[in-house]
Amino acid sequence: MNFTTRRRSSSSRSSQNRRRASNAPVPPRHGPELLWYHHGVGHRVTMWPEVAFEKEIAPGLWRPYTPDPRSDSFCNGAVSLTKRQWNAYLEFCPSEWGQLVERFSFHRLHALAALAYTPALTEDFLENPVIALLVAAHADLRESLPEWAELNAVRERGTMFAVLEWLGFPSTRACLDHLDRLDPDLPVRDLTRVRAILWQHHEAAARPVAPASQGHALAA
């Protein structure tokens with residue numbers, strides 16, 4: 001009798017333990033988001049296809065925000081994210097995203113922001129990777145707040161040349177060819193100077209040239 005009671009008691013405890021285990025909360029599974037900290041505050045980029053920049057406003061509570069590549073928090077992420085983090089993240093992205101991001105060493109986060117917030121330009125980025133850097137730095141170039149939606153709309157309504165004009169560059173094939181020869185990891189601070197140089201080239205090419213024989217004709 002005592003043995004039977006002990007067996008039932010043991011069986012009952014085992015069942016209770018199984019019920020407790022089945023009712024226990026399951027820890028959430030996180031994919032390999034890009035995660036970094038700035039002044040102790042968590043920042044991350046969520047997984048494709050719902051790519052978003054988010055900030056941790058309370059433990060475990062994240063809020064999306066519009067990335068500004070000029071900000072200290074963005075620059076911190078661009079510098080601190082490791083190659084291992086990027087490799088794990090890009091495994092879950094489309095192959096063309098990986099191909100573009102891996103063209104950069106120092107501006108990978110810039111390229112990712114450009115892909116995420118201006119999808120209309122994806123093919124342009126693949127053809128001319130440095131355009132992704134220009135797009136990511138558009139607030140610097142225009143001395144304005146980030147205007148991702150407007151930039152995306154410009155491309156949807158027009159061509160790549162309309163985007164160049166919106167960014168303040170000469171809207172010509174020659175400008176695109178010059179940009180294509182630039183190092184994709186060109187420092188952002190140099191982009192304004194590059195733009196000025198390209199305008200100088202454009203104006204020089206458009207300037208009419210006096211006929212070389214004019215002076216000889218007058219002398220005759």
Give the Debye-formula value of log10 I(q)/I(0) at each listed q (0.10, 0.17, 0.19, 0.21 Å⁻¹), with one equal scatterer per alpha carbon of the range 78-220, two decimals each.
-0.40, -0.94, -1.13, -1.34
Whole-percent carbon and sulfur share, accessible surface of the range 84-131, 1.4 Å
46
Which of the peptides 113-122, 54-63 is most tightly packed, and how do the rest follow, going by the mean number of other Cβ atoms within 10 Å of each residue?
113-122, 54-63
Carbon and sulfur %, accessible surface of the range 146-198 computed with the full protein complex present, 1.4 Å:
50
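Can you give the extra length, in nm with one decimal, that the chain gains between Glu102 and Glu147 once fully stretched, where that is 0.36 nm per residue apart less the Cα-Cα distance? Don't skip to the answer; put the middle values down first.
On the way: separation 45, 0.36 × 45 = 16.20 nm, distance 2.50 nm.
This chain segment gains 13.7 nm when fully extended.
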If amide hydrogens are placed 1.01 Å from N in the peptide plane, which non-local residues have theirs closer than 5 Å to the one on Leu34?
Val45
Residue-wise, which Karplus ³J(HN,Hα) couplings in Hz belong to the range 137-154, taking 6.51 cos²θ - 1.76 cosθ + 1.60, θ = phi - 60°, and x for glycine or proline?
9, 4, 5, 5, 5, 9, 6, 9, 6, x, 10, 4, 5, 5, 4, 4, 5, 4
Which of rounded, prolate, oblate describes the range 94-160, given a ≥ b ≥ c as roots of the alpha-carbon gyration tensor eigenvalues and a/c under 1.5 marking rounded, otherwise prolate only if a/b is larger than b/c?
oblate
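The values are calculated or read from the model by the stated rules, or taken from the named source; none is laboratory data. Since the model is a prediction, treat every value here as computed from it, not as a measurement. When we count neighbours, we look across all protein chains shown, and the Cβ atoms used for this are built from the backbone with ideal geometry, even at glycine. Heads up: the accessible areas ignore ligands, DNA and RNA and are worked out on the full protein's heavy atoms, side chains in. Shrake-Rupley method; radii C 1.70, N 1.55, O 1.52, S 1.80 Å.
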